Every structure is written in structure tokens, then in C-alpha cells.
1. For the chain, what does the helix formula give at 222 nm: sum of -39500 (n - 2.57) over DSSP H segments with n ≥ 4, over the residue count, nearest 500 deg cm²/dmol?
2. Label Ala102 and Val159 with points 7 Å out from Cα along Cα→Cβ: what is the distance between them in nm?
3. If amide hydrogens are placed 1.01 Å from N in the peptide plane, which non-local residues have theirs closer than 5 Å to the one on Leu176?
4. Net charge around Ala96, counting only other residues with Cβ within less than 10 Å of its Cβ (Lys, Arg = +1; Asp, Glu = -1)?
5. Given a 1.4 angstrom probe, what's the average accessible area per residue across the stretch 102-237, in square angstrom?
6. 7 Å from Cα along Cα→Cβ at both Leu16 and Arg40: what's the point-to-point distance in nm?
7. Helix 128-139 sits at what angle to the longest principal axis of the chain, using alpha carbons and giving 0 to 90 degrees rounded to 10?
8. Taking the inverse of the average 1/r across all pairs of different Cα atoms in the chain, what Kirkwood radius in Å do you get?
Amino acid sequence: AKSAGRDTLRLYTPVLEERLAERIALGQALRRAVPEGQLRLHYQPLVDRAGACIGYEALVRWQHPERGLLAPGAFIALAEATGLIDEIGLWVLEQACSQLAAWRDVPAFAPLSVAVNVSAAQLRHPEVVEQIAAVLRRSGAPAARLTLELTESMLQQDVEDGVRKLRALRALGIGLALDDFGTGYSSLSYLKRLPLTTVKIDRSFIRHIDADGQDEAIARAIVGLATTLGLRVVAEGVETQAQFERVAALGCEAFQGYLFGRPQPLADVAA
Ligand code: C2E
Ligand code: CA
Ligand code: CA
Ligand code: CA
């Protein structure tokens with residue numbers, strides 16, 4: 001705005017204008033991504049203490065016609081800002097649920113669960129509970145095999161509304177995981193208020209867990225607290241055997257990270 005003064009005006013460089021134009025173009029392209037079938041789901045395994053696969057986290061990718069395969073960091077924020085996240089989120093959920101439905105009658109795959117990320121903007125949609133219930137019903141996926149991954153930042157706007165919706169989703173049998181645990185500001189109160197089934201220890205505590213006593217102490221506290229509350233703990237971002245052994249020694253039951261597998265299309269996963 002003009003009233004912000006000279007300093008702000010000086011920021012309006014051609015580079016910024018170019019970036020803004022790029023962002024607008026990306027937003028227009030993103031609008032076509034779902035109808036034109038450009039989104040992909042990659043699946044990253046979750047393993048138990050023995051290293052056996054117990055499920056997957058579904059992570060969205062965008063096969064951009066010119067720029068190639070884009071990671072969510074390149075477009076999820078834009079999807080949230082433009083309102084496209086509702087459509088993208090439903091697409092992700094439909095894919096994940098049809099996968100679960102396909103596994104349902106195959107004994108080797110039936111026990112596997114799939115976790116899907118849900119963004120704050122999606123949870124604010126007034127019909128989100130009905131939408132998710134409808135996807136489950138249409139697909140025939142067992143609700144107990146589906147987990148929604150939430151971050152605590154998503155509840156900051158209207159906690160009561162969020163809690164009410166999460167209770168309704170939990171009542172359907174869907175699992176609820178608090179993602180990136182330990183990185184927010186009010187984690188502990190959320191553990192009490194939300195009808196959670198799982199807590200995911202953020203990657204930042206795992207990264208130096210074999211070298212940094214403080215990170216290990218935090219991870220230990222998270223595992224202890226979550227276990228006491230009857231929640232399952234997933235350690236994310238496990239990249240080395242040493243990290244795996246350290247976090248397993250704390251009592252963690254499920255693990256995810258490059259050590260066990262990178263996110264990849266399901267055809268590759270099944271092989
Ligand atoms: P997240 O939910 O914390 O997902 C984990 C991210 O860490 C993924 O990045 C994954 O590829 C990466 N990762 C997994 N294991 C390791 C590891 O051992 N080391 C390292 N360095 N990284 C690891 P990705 O796929 O780029 O996704 C980034 C974020 O985008 C996700 O973070 C999630 O917040 C968001 N996201 C992904 N898919 C969706 C979606 O369908 N909907 C929404 N709303 N958000 C999504
Ligand atoms: Ca996640
Ligand atoms: Ca995470
Ligand atoms: Ca994250």
C-alpha cells in the first residue's frame with residue numbers, strides 16, 4: 001500500500017513482479033491440475049519395531065505439464081490461499097480410500113493403513129465431515145484403516161469448531177494423528193483436547209537423536225507422555241540405523257523415514 005511509505009515502494013522490484021506473475025500463473029495451472037488428472041499420490045511406508053510394513057503415508061505430487069513433478073512444498077500453500085485445497089484434499093482422500101478398498105479383500109494387504117494429510121483450510125470447510133464420510137461410504141474403505149494427519153496450527157482459528165469436527169470423524173472410526181509433534185507452541189493442551197489416536201514425533205528431534213542428548217530427552221518425554229495417554233507414537237524422518245535403534249529404545253512402536261523407504265508411486269511400492 002502507498003501509505004506504507006518509501007521503504008515498501010522500494011521493495012517493488014521487477015524480480016518481485018516476476019515472482020507475483022509466476023505465482024498467478026501457477027495458481028491458474030493448479031486450477032486445472034485435478035480436472036486434467038495431473039496429481040499423483042506417492043506412498044511412504046510405516047514400519048513396526050521389526051521393520052515390517054504396517055501402512056503408508058500418502059503424499060501428494062503435482063505432475064506439472066512444463067515443470068515436471070512438483071513436491072507439495074511448491075503448491076500446497078498456494079492451494080490453501082486459492083481455496084483449491086478442498087478439491088485437492090478430496091482427490092487425495094478418494095485415491096487413498098479406493099486403495100484401502102482394493103486391499104480390503106487381499107489378506108496380505110488388508111491390515112495396512114493409509115494416512116492422509118489434512119490442511120487447516122480443509123478442516124474449516126463447513127461440510128468437511130460429511131464430505132469425508134461420503135468418500136468412505138462410496139469407496140467401501142474400512143474407516144479404521146484410514147488416519148488423518150493434522151497439525152496443531154490448524155486449530156488455532158476456531159478450536160471448538162475443529163474439536164467438534166474431529167470428534168465426529170473419530171466417531172466414524174477414523175484414526176487421528178497429530179503431525180510434527182513438538183514443533184508448535186501448545187502441544188500439550190492439544191493432546192488433552194483432541195480425540196487423537198496417534199502422535200508423530202517431528203523429524204527435527206530425530207535428526208540428531210544419536211548425538212544430541214537434549215533431542216533424545218525430548219523424544220523420550222514425547223514417547224512417555226503419549227504412551228501414558230494411550231496414544232500410538234510414530235517417529236518420522238528416520239534415516240539411519242543408529243537413529244532407528246535410539247528411538248526404538250525409547251519405546252516408540254512405529255517408524256517412518258528414508259531408512260525404510262522413500263515416498264513412491266504404489267506400483268513401485270508393491271514390487
Ligand atoms: P509431512 O506431513 O511432515 O510429511 C513428511 C515429509 O517428510 C514428506 O515430504 C516426506 O517425503 C519427507 N520425509 C519422509 N521421510 C523422510 C526422511 O527420512 N528424511 C527427510 N529429510 N524427509 C523425509 P513431502 O512429501 O515433500 O511433503 C511435505 C509436506 O507437504 C508434508 O509434510 C505435508 O505437510 C504436506 N503434504 C503432503 N501431501 C499433502 C496432502 O495431500 N495434503 C496436504 N494438505 N498436505 C500435504
Ligand atoms: Ca504428515
Ligand atoms: Ca510430519
Ligand atoms: Ca512437516
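The values are calculated or read from the model by the stated rules, or taken from the named source; none is laboratory data. These figures come from a predicted structure and were not determined experimentally. FYI the Cβ positions are ideal-geometry reconstructions off the backbone, even for glycines, and counts take in every protein chain you see. What goes into the accessible areas is simple: the full protein's heavy atoms, side chains included, and nothing from ligands, DNA or RNA. Shrake-Rupley method; radii C 1.70, N 1.55, O 1.52, S 1.80 Å.
1. Numbers: 12 runs with 122 residues, N = 271.
So the helix-based figure for the chain works out to -13500 deg cm²/dmol.
2. Taking the two extended label points, one gets 4.2 nm.
3. Here the answer is Leu148, Thr197, Thr198, since their amide H atoms fall under 5 Å of that of Leu176.
4. Working: positive: Arg145; negative: Glu57, Glu94.
Once all neighbours under 10 Å are counted, the net charge is -1.
5. Details: 6490 Å² over 136 residues.
Accessible area per residue, the stretch 102-237: 48 Å².
6. For the pair Leu16/Arg40, the computed spacing is 3.6 nm.
7. Its long axis makes an angle of about 60 degrees.
8. It is 20.0 Å.
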